[in-house]
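Remarks on the structure that follows.
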Amino acid sequence: MTRHPSARRVHRPDSSSDDAFVANVLETSVWAKEHARTLIIGSIVVVAVALFTYFFVNNRRSREERASTELTPLRALVQSGQAQQAISGLQAYLDSYGGTRSATEARLLLGQEYLATGQVQKAAEVVDAIDDDLSSPTGVNAALLAAAAHETGQEPRQAEEIYLRVGDKAPFDFQKQDALDNVGRLRMARGDAAGAAQIYQRLLDETPEANPARQVWQLRLAEAQAAASAKQAG
């Protein structure tokens, strides 16, 4: 029987996409069965790494907290002038908490105590373990302590080099001024009045007009210039 041309054709849905989806599912299932052991091991490794990271972070946080707490009585020993007890305590502290953030302060305190008790070499060794980044307060303090150690050890030239570096790179003006003032003092002490005058002139140039410290630099500049002139005349 001939079909009427106007009769509607029956639409049959395309099953190719469904067949592809089923095929992919079957392939994935087969692959998973074949690699089941690998998948299990991989899952165990992922979980183990996550647990290790969690406990590591927690343990580190707890250690930092303990380090901060246990440094408090050592600060008190330093402030009370009990140098030997402070040195012993700080040494033991660094053995336990040498890698913590609080260890930097402990090293500074230990270096100060070594220097106060005349143990210059030990003070220098402790300071050498501190990051000397002069953009941070800790770095500046470490540098100043190193300069003081060189002065105490009769090495004024090395001390002057450190003071000059602080004077150039310290983040705060008062730190630069203190460091440069020490350079002027060292130069005057060794008879380099002309060099000291250069430093005091620099301090004057870099100090705002309203800053009362200018009066100090003016006096010291005048003294240095007078000493330099007397040396030339002699």
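Which one is most open to solvent (accessible area, probe 1.4 Å) among residues in the stretch 152-195 that are assigned to a loop (DSSP other than H, G, I, E, B) and not acidic (Asp, Glu)? Don't jump to the end; show me each part of the working.
If we filter the stretch 152-195 for residues that are assigned to a loop (DSSP other than H, G, I, E, B), which is where we start, we get 153-155, 170-172, 190-192.
With the extra rule that they be not acidic (Asp, Glu), the set shrinks to 153-154, 170-172, 190-191.
Values: GLY153: 35, GLN154: 150, ALA170: 4, PRO171: 60, PHE172: 101, ARG190: 88, GLY191: 33 Å².
Here the residue is GLN154.
Within 24 Å of the chain's Cα centre (by Cα), outside any loop (DSSP other than H, G, I, E, B) and β-branched (Val, Ile, Thr): is that true of VAL127 in this structure? Write out each step before concluding.
Working: within 24 Å of the chain's Cα centre (by Cα): yes; outside any loop (DSSP other than H, G, I, E, B): yes; β-branched (Val, Ile, Thr): yes.
Against the criterion (within 24 Å of the chain's Cα centre (by Cα), outside any loop (DSSP other than H, G, I, E, B) and β-branched (Val, Ile, Thr)), VAL127 qualifies.
Determine which single condition GLN198 fails, assuming it passes every other condition in (1) open to solvent by 70 Å² or more (accessible area, probe 1.4 Å); (2) over 18 Å from GLY167 (Cα atoms); (3) modelled with pLDDT of 95 or more.
(2)
Which residues, counting only those in the stretch 106-122, are open to solvent by less than 70 Å² (accessible area, probe 1.4 Å) and either of a type in the set (D, E, K, R) or assigned to a helix (DSSP H, G or I) (or both)? Reasoning before the result, please.
Initially, the stretch 106-122 is screened for residues open to solvent by less than 70 Å² (accessible area, probe 1.4 Å), giving 106-111, 113-115, 117-120.
Result: ALA106, ARG107, LEU108, LEU109, LEU110, GLY111, GLU113, TYR114, LEU115, VAL120.
For the stretch 77-97: of the residues being of a type in the set (A, V, I, L, M, F, W, C) and touching a helix residue (DSSP H, G or I) at 6+ places or on another chain (Cβ under 9 Å), which is surrounded by the fewest Cβ atoms within 10 Å (Cβ to Cβ)? Quick ask: steps written out before the conclusion?
Taking the stretch 77-97 and keeping what is of a type in the set (A, V, I, L, M, F, W, C), we get 77-78, 83, 86-87, 90, 92, 94.
After this cut, where a residue has to be touching a helix residue (DSSP H, G or I) at 6+ places or on another chain (Cβ under 9 Å) as well, the list is 77-78, 83, 86-87, 90, 94.
Details: LEU77: 19, VAL78: 19, ALA83: 16, ALA86: 24, ILE87: 21, LEU90: 27, LEU94: 18.
Of everything passing the filter in the stretch 77-97, ALA83 is surrounded by the fewest Cβ atoms within 10 Å (Cβ to Cβ).
Report whether or not VAL78 is at pLDDT below 90, more than 24 Å from LEU180 (Cβ to Cβ) and within 22 Å of the chain's Cα centre (by Cα).
Values: at pLDDT below 90: yes; more than 24 Å from LEU180 (Cβ to Cβ): yes; within 22 Å of the chain's Cα centre (by Cα): no.
When the stated conditions are applied, VAL78 does not pass them.
If THR100 passes every condition in (1) among the polar types (S, T, N, Q); (2) part of a helix (DSSP H, G or I); (3) open to solvent by less than 50 Å² (accessible area, probe 1.4 Å) but one, which one does it miss?
The single condition THR100 does not satisfy is (2).
The values are calculated or read from the model by the stated rules, or taken from the named source; none is laboratory data. Small disclaimer: the values here were computed from a predicted structure and weren't measured. Cβ coordinates were reconstructed from backbone atoms using ideal geometry, including for glycine residues, and neighbour counts include every protein chain displayed. For the accessible areas, the whole protein counts, side chains as well, though only heavy atoms, and no ligand, DNA or RNA atoms are used. Shrake-Rupley method; radii C 1.70, N 1.55, O 1.52, S 1.80 Å.
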